[in-house]
Structure formats: structure tokens, C-alpha cells
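The values are calculated or read from the model by the stated rules, or taken from the named source; none is laboratory data. Quick caveat: nothing in here was measured; it's all calculated off a predicted structure. Cβ placement follows ideal geometry from the backbone for every residue including glycine, while neighbour counts extend to all protein chains displayed. When the accessible area is computed, the model is the full protein with side chains, heavy atoms only, and any ligands, DNA or RNA have been set aside. Shrake-Rupley method; radii C 1.70, N 1.55, O 1.52, S 1.80 Å.
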Amino acid sequence: MVNGIISKSVRTLLTLSVTAVLAAAGAGAAQAQSHTSSLNASGKNTTARTSTEAAKAVVAAREHGARTAARGVCYRAHVAGIGWQSPVCNGQVAGTTGQGRAIEALEITTYGVGGMCAQAHVAGTGWQNVRCGADGQTVTVGTTGQSRPMEALWLSPSTGTVGAQAHVQNYGWMGWQNGNPITVGTTGAALRLEAVQIVV
């Protein structure tokens, strides 16, 4: 009988403790959501339509006390058969893997870096002109509406270094490159760039 009462008391305490923890977690999540209304729990953007909007959301979240990096990069890919994807930030995957779809264009926006210069190597065209933008400005490389896969990406931030990794047709993820400038992907092999990850 005593064991049954103790056991019931322990279960009640555990239930109350778990309930309290879940309630606190919910309150914390609600507070975080109010500061980062454009980002979900994984950091993926849920309302921004461009890399610039995503970068602004991250900066606004930081200004409201959210724990975000002082330097960052947001980007989104234009993918064959899909079009523009939602923007992602700071090392998340843009593009697709396992679907055989090429990235045709990439939009990049930085914050806390001073800006970014980028250049795309495009099938049938080769290296495009270098395009640059300051923090908060969108830099777009590649093409849309031409069905031309990007094959390589060159990046050079205004300050510090950049890291990137490319998922390439027939090879998969090719490993991180870090420095300033860097190039990911391939040239002269006619292999499409399928996904990228970028950090600054």
C-alpha cells in the first residue's frame, strides 16, 4: 500500500515536472517566434521571398535579442523544373539532391560582411561577369528561363572568408572550400551544380 502511494506520488511529480518543462519550452518558443517571425525553428525562412528579406529577418531577430551570428549569408536557388526556392541562411542547403535537378541561378545576400562578389560558370556560356553587392543587397548569378545549368560558383566576400560546398551531378557533395576567394563545382566537365551550402 505504501509503495503504491509513493509510486503514485512519483508519477504525479514526474507528470507535473514534464508539464512544467513543456510549458516553459512553449513559452520560450513563442518568445523566439515573436522575434524571428520569418524563421522557423530550424532557421529556414517561412515568409521571406528573397535572400534579402531573409537576411533582414535574421538581422532584425539579432536586434531583438535572438542568438544569431553577427556575420551571415542568406541565399536561394532557382532550380530546373521548380523555379525559385525559399531562401535559406548560414550553411543550409539550397537546391536539391537526388532529383537530378540543376541550379540555374543563385541569389545571395550578406549581413555583417561588407558585401559579396559572385560569379557563375554556366553551361554553354562559361564564366559570367562578376557581380557584387554590399550587405543587404542581392547579388544574382546564373540565368533563368534559358535552361542553362550552373556548373561552378566563385565567391569573394568583402571581409573575412567564405566557406561553401557544392553537390555536383555524378559526384554528390564535393567537400568544403574555405578562403577568399573560393570556387566550388566543376568546369569543363559538363556537370550540373545541384545544391550548395554557404557560410561566412
**Complete:** Of the residues in region 131-151, those that are open to solvent by less than 40 Å² (accessible area, probe 1.4 Å) and over 20 Å from Gly188 (Cβ atoms) number 3
**Request:** For region 175-187, state whether one or more residues are surrounded by fewer than 22 Cβ atoms within 10 Å (Cβ to Cβ) and among the aliphatic types (A, V, I, L, M).
**Result:** yes
**Asked** Do we find a residue being at positive phi and without any contact (Cβ under 8 Å) to a residue 60 or more places away in the chain anywhere in region 141-156?
**Response** yes
**Message:** When the residues of region 64-83 are narrowed to those that are farther than 19 Å from Gly145 by Cα and among the charged types (D, E, K, R), which ends up modelled with the highest pLDDT?
**Reply:** Arg71
**Prompt:** Of the residues Ser147, Ser86, which is farther than 24 Å from Thr183 by Cβ and at pLDDT 95 or above?
**Reply:** Ser86
